[in-house]
Amino acid sequence: MTPNGEQQQETVTIHRDPSSFPLFQELPPEIRHYVWQEALCQWVVWYTSHPHINLQASGLLIRMKPVGVAPYLVGLACQESRRLMERLYTKLLAGAGGSGASSPTAVYWLIPDRTIVYLGCTARATDFMDIIHAHQSLPLRHLVLRWSDLVDVTRFSHSLVHQCPDLRTFTLHATDRETTPELCRCDSPLSQHLADWYTTIASWEDEALPYIEHPEAEMLNWSVGDYFGDRDEEFEGPRLHFLPSRLEASAALDRVPGD
C-alpha cells in the first residue's frame, strides 16, 4: 500500500529462453511438418573414428561421429518428429570387428542424399567398409577418402563400385605420405573447416569447380573413373573430385548447399 492508501502494482518480468517456442504445438500441422522437415534434412558430415589401423584385428566397435550436431537428433524430440524421421531416413547398421561383423552393434540414422561419410585413409576405409557392408549394398552416396598411394586408391575403388552402387560423389583428398599413418590412427574430430569443404563439394552442381584440382587429377580420373564407367554402359557414375592436400578458405564455403 502507498501512503495514500492506494495499492501498488507489482511488475513481474518473465525471462524466456530466446531459442524456445512454447507455442509450437499450437501451430497448424502443415507448418510443424515443414519445420521438422527443414531441420531433419540438413547436410551432415560423419567421420569414422577408431584408434587402430586394423579395425577387424582390434575387435573394437567401429564408430561414426557427426561433425557438429547431427540432424537426426531432431527426430528424437517428440513422436511427431520421430515419425517423420522414420519416413525420411535410412538406418545404417554397423557391427564390431572380426566374426561379429554380421551382428549389428550400432545404428546410424541418415538421409543418403544429404549425408557425407569421411572414411579417413585407405587402410581404415577398407576395414570400415568390409565391416559395415554386412553382405548388402550400402545406402551411402557421398564419400570422402584421404589418399597418398595410387595403387591403394585403385584397389579400394574397385570394391566400392559394388559396395555403394548408388554413389553420387566420391572425393579423393590428397595427403602427404608422412601423415598417412596418423590419419589411420587418429581418433580426433574432423575439423569444421574440412567438413564445410566436403559439404560444398558434395552439393556442388556447377561445371566450374570451387577448388584447384590435384596435379595428378587426370591420371586419377583415368584410374578410378574407369571402374565406375565399366559397370554399365547406361550407368552414370559418381562425380569424382580430386582435392589437393591443402584447402584454404574460400567464398564458395559461404554458399548455401543446393543453391
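The values are calculated or read from the model by the stated rules, or taken from the named source; none is laboratory data. As the structure is a computational prediction, the values presented were derived from the model and not from experiment. Methodologically, a virtual Cβ is constructed for each residue, glycine included, from the backbone with ideal geometry; neighbour enumeration extends over all protein chains shown. Side chains are part of the model used for accessible areas, which takes the heavy atoms of the whole protein and leaves out ligands, DNA and RNA. Shrake-Rupley method; radii C 1.70, N 1.55, O 1.52, S 1.80 Å.
Among the residues of the stretch 193-228, how many are farther than 13 Å from Thr154 by Cβ, open to solvent by 80 Å² or more (accessible area, probe 1.4 Å) and not in a loop (DSSP other than H, G, I, E, B)?
Summing the residues that are farther than 13 Å from Thr154 by Cβ, open to solvent by 80 Å² or more (accessible area, probe 1.4 Å) and not in a loop (DSSP other than H, G, I, E, B) in the stretch 193-228 gives 1.
Select from the stretch 130-155 the residues that are under 20 Å from Ala202 (Cα atoms) and not β-branched (Val, Ile, Thr) and list them in ascending order.
Once the filter is applied, which keeps residues that are under 20 Å from Ala202 (Cα atoms) and not β-branched (Val, Ile, Thr), the stretch 130-155 yields Leu138, Pro139, Leu140, Arg141, His142, Leu143, Leu145, Arg146, Trp147.
Hey, any hits in the stretch 112-119 for a residue that's in contact with a strand residue (DSSP E or B) (Cβ under 8 Å, 6 or more places away or on another chain), outside any helix (DSSP H, G or I) and at pLDDT below 90?
no
Matching residues to (1) closer than 27 Å to Ala202 by Cα; (2) out of contact with any Leu (no Cβ under 6 Å at 6 or more places or on another chain); (3) at pLDDT 95 or above:
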| position | (1), (2), (3) |
| --- | --- |
| Val12 | no, yes, no |
| Pro22 | no, yes, no |
| Trp43 | yes, yes, yes |
| His52 | no, yes, no |
| Ala57 | no, yes, no |
| Leu61 | no, yes, no |
| Pro66 | yes, yes, no |
| Ala77 | no, yes, no |
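Given the options Asp127, Asp17, name the one that is of a type in the set (D, E, K, R), over 23 Å from Thr200 (Cβ atoms) and either open to solvent by less than 60 Å² (accessible area, probe 1.4 Å) or at pLDDT 95 or above (or both).
Working: Asp17 fails: either open to solvent by less than 60 Å² (accessible area, probe 1.4 Å) or at pLDDT 95 or above (or both).
Testing whether each residue is of a type in the set (D, E, K, R), over 23 Å from Thr200 (Cβ atoms) and either open to solvent by less than 60 Å² (accessible area, probe 1.4 Å) or at pLDDT 95 or above (or both) leaves just Asp127.
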